[in-house]
Amino acid sequence: MTFSKLLIIGLDSAVPALVFDRWRNELPTLSGLITRGAHGRMHSTHPPITVPAWTSMMSSRDPGELGFYGFRNRKDHSYDAYAFANSAQVKVPRLWDWLGRAGMHTVVLGVPQTYPPSPVNGEMVTCFLTPSTQSQYTHPPELKAEVERVTEGYLLDVDDFRTADKVGLLRRVYEKTDKHLRLAKHLLRTRPWDFFMLVEMGVDRIHHGFWSHMDPAHHKYERGNPFESAILDYYRYVDGQLAELLALCPSDTLVLAVSDHGAKKMDGGICFNEWLMREGYLTLREKPTKPTPVAKVAIDWPRTRAWGDGGYYGRLFMNVKGREPAGTIDRADYERVRTDLIAGIESIADPSGRNIGSKAHRPEDLYRQVNGVAPDLIVYFGDLDWRSVGAVGTGSIHTFENDTGPDEANHDWHGIFVLSTAGAEAPLRGPLPDVSIYDVAPTLLHLLGQPVPEGLAGRSLC
C-alpha cells in the first residue's frame, strides 16, 4: 500500500496516557485516527528534548550523529563558547528534503530547528527558535507578507510561558495556536502540496504552565483550582482544529499524529553545580549570596574538575588536561573520575534521604557516533521527575522553584504515534508495541513509495 499525500500533525509533548487513555473519549478526532489506524507509545531520543528530537525523527539519525545535545551546545572545549542549534548546522537530509528531491511539493510549518529557512520544493515557515518576526522566517521570502496578512500578525511561540500569570498565559497559548492553525488551513487550501507537516508548540507550553493544576500526583496540586481543566480544554480545542485540517485533505491522505516526547509532573530540581561543589569537583572564586547562573560566576578552573548545565536533563562536563584550557584531570584518570561521578550522581537522594533513581550515561553508550562537543555525561535526575538546575548560590542541592521561572512539568520518554488516514483504509491497524522515534522517517518514505536510504537509525514499521 502506497500513498501520494502525507499530512504530519506534530503536537509537541503530547502525552500518550492522556491521548490514548485518560482523555480519549474527549478527543473524537484523534480517537477516530486511532480507531482507523495504528498507534503506540513512541520512545524519544536521548535526551527527550524538542531539539534534537524533531530533527532526529525527520532524519532517522541520533543526537550523537547530528552533534546536537540540546538547544545550546558547546562550540569547542573552551569554557564559554556555546551556539544555539539551528537549521544551518543540520548536515543530513530530513524527510522533506528526500521528498522534495523526488519532485513532491512540500510545506513545512513550525517544525523545530528549521530557522534560518532553507530552500525546499515548496514552502517553509520556520519555528519558535526564530529570533523574531522581524527576521526572514519563510521560504520563499515573499511568503512572509502572506503569512502576516492571513494571521493578522504571526506569532512564533507563546511568550513568557514560565510565569505566575496563568490567566495571561492561557490567553497567549490560545492566541498563538489559533494563528498557527489558521495559517495551516490557509496553506492546505492554497498550495498543491504532497507533503504537509506542522508542529504545534502550544501543547508543550500549556503542560509547562498548568501541569500542577491538573495532576493530583503533583505536589502543588489543589483540587478544585480554577485551572484544573485548562489542559483538557486545550486538548479538546486542538482536537477540534485537527478535524478542520483533516476536512481539507483527500480521504486517502496518509496522516501521522505524533509528538517528540511526553510530559510528566516535576517533583523539583537538583542543583547540579551545588552538588558538584559539595562533592569537591567544582570550586568558585567567590560563592554568590543568591541564586546565580553558573555562567555568571567566577569559576576557579585550576581547582575544578567538573561543572554542569541545567535544563530538563543535566549535562556534565569534565575539565580535562590538554582538552580544556585549564584542565585538571589527567587523561589517564579520565575514566576513573567519570565512573566516580556516575556513582555519585546515581546515589543522590531526596530531602528525606530516599534515592531518587538518577541515571548518568556516557554518550558513547547511547549513540552510534558522537559528533560535536558532547557532554562527558548525560544525566537524568529521578528518571526525569527532577530537573537539573544549573544555578549556584541556592544553599541546597534540592529546590522546588525553577531557576528560569515557574514550570510545572518535565519531559518524559514517550510521545504519541498515530498512523492513520483522513478517511480511507490505513496501512496498519491496532496497537503497536514497539515504536522508536527513528522509525518515523523510514516508515513514511516506504509508505510514499520512496527508497529508504541505508544507514538510518530506524526501520520501516510496514
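For a paramagnetic label modelled on His77 (point 7 Å from Cα along Cα→Cβ), amide N atoms under 14 Å away belong, within segment 289-329, to 317-329.
Scaled against the 2.2 N^0.38 Å expected of a compact globular protein of N residues, the Cα radius of gyration of segment 197-338 reads 1.59.
Net charge dipole, segment 326-462: roughly 320 debye, given to the nearest 20, about the Cα centre with Cβ charges of +1 for Lys and Arg and -1 for Asp and Glu. Place a label point 7 angstrom from the Cα of Arg236 along the Cα-to-Cβ direction, then list the residues of segment 198-224 whose backbone nitrogen is under 16 Å away. Of the residues in segment 198-224, 214 have backbone N under 16 Å from the label point off Arg236.
Cα centroids of segment 255-298 and segment 395-462: 27 Å apart. Mean residue ellipticity at 222 nm, helices only, the chain: -8000 deg cm²/dmol; runs of at least 4 DSSP H residues each add -39,500 (n - 2.57), and the sum is divided by the number of residues. Under a model in which nothing but the beta-carbon of Lys, Arg (+1) and Asp, Glu (-1) is charged, segment 124-203 shows a dipole of about 180 debye around its Cα centre. Computed about its Cα centre, the charge dipole of segment 310-368 is approximately 160 debye, with only Lys, Arg, Asp and Glu carrying charge at their Cβ. Put Ser132, Ser358 in order of accessible area, highest first, and with a 1.4 Å probe you get Ser132, Ser358.
Residues in segment 309-388 average 41 Å² of solvent-accessible surface per residue, probe 1.4 Å, ligands and nucleic acids excluded. Relative contact order, whole percent, for the chain stands at 28, derived from Cα pairs under 8 Å and 6 or more residues apart.
With each label modelled as a point 7 angstrom along the Cα→C-beta vector, the Arg149-Lys287 pair spans 6.2 nm. As a length-normalised measure over Cα pairs under 8 Å and 6 or more apart, the relative contact order of segment 1-101 settles at 16 percent. Centroid-to-centroid, using Cα positions, segment 338-384 and segment 167-186 are 37 Å apart. Spacing of the modelled spin labels on Thr2 and Arg162, each 7 Å from Cα toward Cβ, amounts to 4.8 nm.
Over segment 245-396, Cα pairs under 8 Å with separation of 6+ residues give a relative contact order of 33 percent.
Annotation: the antiparallel percentage among DSSP beta bridges lying fully within the chain is about 55. Bridgeable lysines around Lys176 (alpha carbons under 29 Å apart, same-chain partners fewer than 8 residues away excluded): Lys5, Lys144, Lys166, Lys185, Lys220, Lys264, Lys265. Might you tell me the accessible area per residue for segment 78-206, computed with a 1.4 Å probe and given in Å²? Per residue, segment 78-206 has an accessible area of 38 Å². Shape analysis of segment 1-79 based on the Cα gyration tensor places the equivalent ellipsoid semi-axes at 32, 17, 9 Å, largest first. Between Trp98, His46, Phe84, the Cα set farthest toward the positive side of the dipole of segment 32-116 (charges on each charged residue's Cβ, about the Cα centre) is that of Trp98.
For Val258, Val373, Val452, the ranking by accessible surface with the largest value first comes to Val452, Val373, Val258, using a 1.4 Å probe.
The portion of the accessible surface of the chain made up by carbon and sulfur, rounded to a whole percent, is 49 (1.4 Å probe; DNA, RNA and ligands excluded).
The values are calculated or read from the model by the stated rules, or taken from the named source; none is laboratory data. The structure presented is a predicted model; accordingly, all values stated were derived computationally and were not measured. Neighbour counts run over all protein chains shown; Cβ positions are idealised from the backbone, glycine included. With ligands, DNA and RNA removed, areas are computed over all heavy atoms of the protein, side chains included. Shrake-Rupley method; radii C 1.70, N 1.55, O 1.52, S 1.80 Å.
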